[in-house]
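Working notes for the structure below.
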Amino acid sequence: MDNLNICPVCGNELIKNSSTGKYRCETCDKTFTKAALCDKCKKEVEILAACGSTQFFCNHCNELKSKKSIEFFLKEEV
Ligand SMILES: [Zn+2]
Ligand SMILES: [Zn+2]
């Protein structure tokens with residue numbers, strides 16, 4: 001997943017803030033968070049951080065997704 005840490009706007013490398021887990025592009029002055037898409041409906045899934053493991057839930061398909069059946073992307077914070 002490391003190859004995803006590239007600014008979708010300018011292509012520069014994003015700097016991860018280890019305390020918030022957010023990604024920052026200093027060139028664009030934008031902040032991104034990692035989000036996930038359902039492989040079936042291509043809608044954003046909810047990321048549920050359970051103790052120790054991360055789970056993903058698609059509200060559209062109404063099912064729990066495994067890490068293998070989602071696609072990560074960087075979403076701009078507004
Ligand atoms: Zn940028
Ligand atoms: Zn879905």
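Here are a few things to note about the model shown:
- 1.4 Å probe accessible area per residue over the chain, in Å²: 69 Å²
- 3J(HN,Hα) along the stretch 73-78, derived from phi through the Karplus expression 6.51 cos²θ - 1.76 cosθ + 1.60 where θ = phi - 60°, amounts to 8, 9, 10, 6, 7, 10 Hz, with x in place of Gly and Pro.
- Neighbourhood net charge (13 Å Cβ-Cβ; Lys/Arg +1, Asp/Glu -1) for N62: +1
- The stretch 10-16 - phi-based ³J(HN,Hα) in whole Hz, Karplus 6.51/-1.76/1.60, Gly and Pro as x: 10, x, 7, 6, 8, 9, 7
- Distance between modelled label sites at V9 and A49, nm, 7 Å Cα→Cβ extension: 2.4 nm
- Loop trypsin sites (Lys or Arg not before Pro), the chain (other Cβ atoms within 10 Å of the site Cβ: 14 or fewer; DSSP): K40, K42, K43
- Solution diffusion estimate, µm²/s, Stokes-Einstein, the stretch 28-78, Kirkwood Rh from C-alpha pairs, 25 °C, viscosity 0.890 mPa s: 213 µm²/s
- Within the stretch 59-78, backbone nitrogen closer than 20 Å to the virtual label 7 Å beyond the Cα of T27 toward Cβ: 73-77
- Sulfur and carbon atoms: percent of accessible area, the stretch 34-76 [1.4 Å]: 50 percent
- Test item: Cα-centred dipole of the chain, Lys/Arg +1 and Asp/Glu -1 on Cβ, debye: 200 debye
The values are calculated or read from the model by the stated rules, or taken from the named source; none is laboratory data. Just so it is clear, the structure is predicted and the values come from calculations on it, not from any experiment. Note that we place each Cβ from the backbone using ideal geometry, even for glycine, and neighbour counts take in every protein chain shown. Quick note on the areas: whole protein, heavy atoms, side chains included, nothing else; ligands and nucleic acids left out. Shrake-Rupley method; radii C 1.70, N 1.55, O 1.52, S 1.80 Å.
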